[in-house]
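Shown next, in structure tokens, is the structure this report addresses.
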Amino acid sequence: MLRPGEADRILSGHPWVYKGSILRISSPPEDGSLVQVKDHRHRFLGVGFFNSKSKINVRLLDTDRVEVSSAYWEEKIRTALRLRMKAMPGASSFRVVNAESDFLSGLIVDKYEDVIVFQISSLGMDQRKDVIIDVLKKIFSPRAIVERNDIGSRKFEGLPEVLQVVHGTVEGPVTVVLNGIKFQVDLLGGHKTGYYLDQQLNYKRVAHYAKGGNVLDCFCFLGGFTLHAAKEGAKQVLGLDQSAEAIAAATQNSELNGLTHGTSFAAVNVFDWLKEQTATRPNEKLVPRYDLVVLDPPSFTRNRASVPDALRGYKEIHLRALKLLKRDGVLATFCCSHHVDANTFQQVILEAAHDAHRILRKIETFCQAPDHPVIPTIPETEYLKGFAFEVAR
């Protein structure tokens, strides 16, 4: 039973019931069990998985009194799949289940061609893992299923980290096709579940500005924006990333797609590289040389306390990037931190533009791909934001 005033958030669609929101527990349930959630007037709100070890005591699963059977999981996952097929027809790799966005808190399922990768971050889901695996086999008939439960957040649910192939075999990288471009992806060791699928549509939109120009792709990872720019007809593209392993993989991806002409990569500290490239001697004028600069860094924030430091980092890279952009050049920039909202992110960019003596014209706004749906009443589902700015003068 919830405290007075705590039910509104649940009724609006948010699935998390925090320990401090609970007024009374009628009888102590077992951790991982399905429990009913009611408001302080005993009105039924839904059912969810209970975990006394977590700050999130209950993760709401459904607003009806449902039987959580194999048929239930199949219906929920098929519903999520239909939404992706409608929003991204023709895509062969995409996120099938996005946890809270699909009202399956604690479960992520990604499809990489004929391989399925899942990730579980809650006890209730973990206890039903075998049933979920069987449902994934039934729906997708994949050649392999990978369990990427090697995330630190599992410790908050009292769960160990696990990384294994639970069905079929995976030997070496898997070839994934995004917008007609092939990427070799390490599903057993790559970031997230292997790759950042949330930028799939943005790759094409940003590449639109690359044709015939000199392009700089900062924090390029496996070459997503780099290779899309090259395919679109960029004159030259330089991809930068601190990880030598990522740069080696990006180089292989450019060779795999026959996009080596005019495309190069470098393993560098991007902050230091930008600083070196914009340094000038007394009375020396910096000559901008890029028509498109892409900034897609990893998250600079782990929590709200780190936001001030993150904003300083964002301002620094934007200041340097803007100095390298030609007149009428385009800056495509992204922030993947939930803790930095779009307005704050844009304000940092404008402050950097002021310091760089540039005036910007906003020409496009970006968000995460529709296979990572946003539910406004669940703020945690919205994290990726981005803009394209043109240097007006």
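Here, each number is a calculation from the coordinates, and none is a lab measurement. The model shown is predicted, which means the values in this text are computed figures rather than measured ones. Neighbour counts are summed over all protein chains in view; Cβ atoms, including those assigned to glycine, are modelled from backbone coordinates with ideal geometry.
So which aspartates and glutamates pass the test for Lys111, namely a Cα distance under 13 Å, with those fewer than 8 places away in the same chain ruled out?
Result set, ordered by chain and number: Glu147, Asp198, Asp371.
What GluC sites (Glu not before Pro) does the range 108-194 have in DSSP loop regions with at most 10 other beta carbons within 10 Å? It would help to have the intermediate numbers written out before the result.
On the way: sites: Glu113, Glu147, Glu157, Glu161, Glu171; in loops: Glu113, Glu161, Glu171.
Answer in residue order: Glu171.
If you add up the charges near Ile375, with Lys and Arg at +1 and Asp and Glu at -1, over every other residue whose beta carbon is less than 13 angstrom from its beta carbon, what do you get?
-3
Below 14 angstrom from the Cβ of Asp272, what's the summed charge of the other residues (Lys, Arg +1; Asp, Glu -1)?
Charge balance near Asp272 sits at -1.
What residues have an amide H closer than 5 Å to that of Leu61, excluding those fewer than 5 places away on the same chain, when H is modeled at 1.01 Å from N in the peptide plane?
Those qualifying (amide H under 5 Å, at least 5 residues apart or on another chain) are Val47, Gly48, Phe49.
Between their Cα atoms, which of Lys129/Lys385; Lys137/Lys192; Lys182/Lys326 are more than 24 Å away from each other?
Details: Lys129/Lys385 32 Å; Lys137/Lys192 22 Å; Lys182/Lys326 31 Å.
Cα-Cα > 24 Å for Lys129/Lys385; Lys182/Lys326; rest within.
Quick one: check the C-alpha center-to-center distance for the range 19-42 versus the range 135-154, whole angstrom.
Taking the Cα centre of the range 135-154 as reference, the centre of the range 19-42 is 30 Å away.
Quick one: angle between helix 70-87 and the longest Cα principal axis of the chain, in degrees between 0 and 90, rounded to 10, please.
Approximately 30 degrees, to the nearest ten.
Which of the aspartates and glutamates could a cross-linker span from Lys275 if the Cα-Cα distance has to be under 19 Å and same-chain partners fewer than 8 positions apart are dropped?
Within reach: Asp217, Asp241, Glu284, Asp291, Asp296, Asp309, Glu316, Glu351, Asp355.
Output the antiparallel fraction of DSSP beta bridges having both residues in the chain, as a percent to the nearest 5.
The antiparallel fraction comes to roughly 70 percent.
Can you give me the angle between helix 342-355 and the longest principal axis of the chain, using Cα atoms only, in degrees from 0 to 90, rounded to the nearest 10?
20 degrees
Classify the range 70-175 as rounded, prolate or oblate from the Cα gyration tensor: take a ≥ b ≥ c as the square roots of its eigenvalues, call it rounded if a/c is under 1.5, otherwise prolate when a/b beats b/c and oblate if not. Show your work: numbers first, answer last.
Details: a/c = 1.60, a/b = 1.18, b/c = 1.35.
Oblate, because a/c is 1.5 or more while a/b does not exceed b/c.
Can you give the angle from 0 to 90° between the axis of helix 244-256 and the longest principal axis of the chain, with both taken from C-alpha atoms, to the nearest 10?
80 degrees
What's the center-to-center distance, using Cα atoms, between the range 301-317 and the range 185-211 in Å?
The distance from the Cα centre of the range 301-317 to that of the range 185-211 comes to 23 Å.
What does the charge count around Gln252 come to, taking other residues whose C-beta lies under 13 Å from its C-beta (Lys +1, Arg +1, Asp -1, Glu -1)? Write down the numbers at each step before the final one.
Details: positive: Lys182; negative: Asp186, Glu245, Glu255.
Cβ neighbours under 13 Å give a net charge of -2.
How fast does the range 1-42 diffuse by Stokes-Einstein, in µm²/s, taking the Kirkwood radius from C-alpha pairs at 10 °C and 1.306 mPa s? Before the final figure, lay out the partial values.
Values: Rh = 10.8 Å.
Value of D from the Cα-based Kirkwood radius: 146 µm²/s.
Write down the radius of gyration of the chain and its Dmax, each obtained from C-alpha positions, in Å.
Spelled out, the Cα radius of gyration and Dmax of the chain are 22.9, 76 Å.
Can you compute 3J(HN,Hα) from phi for each residue in the range 296-306, using the Karplus curve 6.51 cos²θ - 1.76 cosθ + 1.60 with θ = phi - 60°, rounded to whole Hz and x for Gly and Pro?
9, x, x, 4, 8, 10, 9, 7, 5, 5, 8
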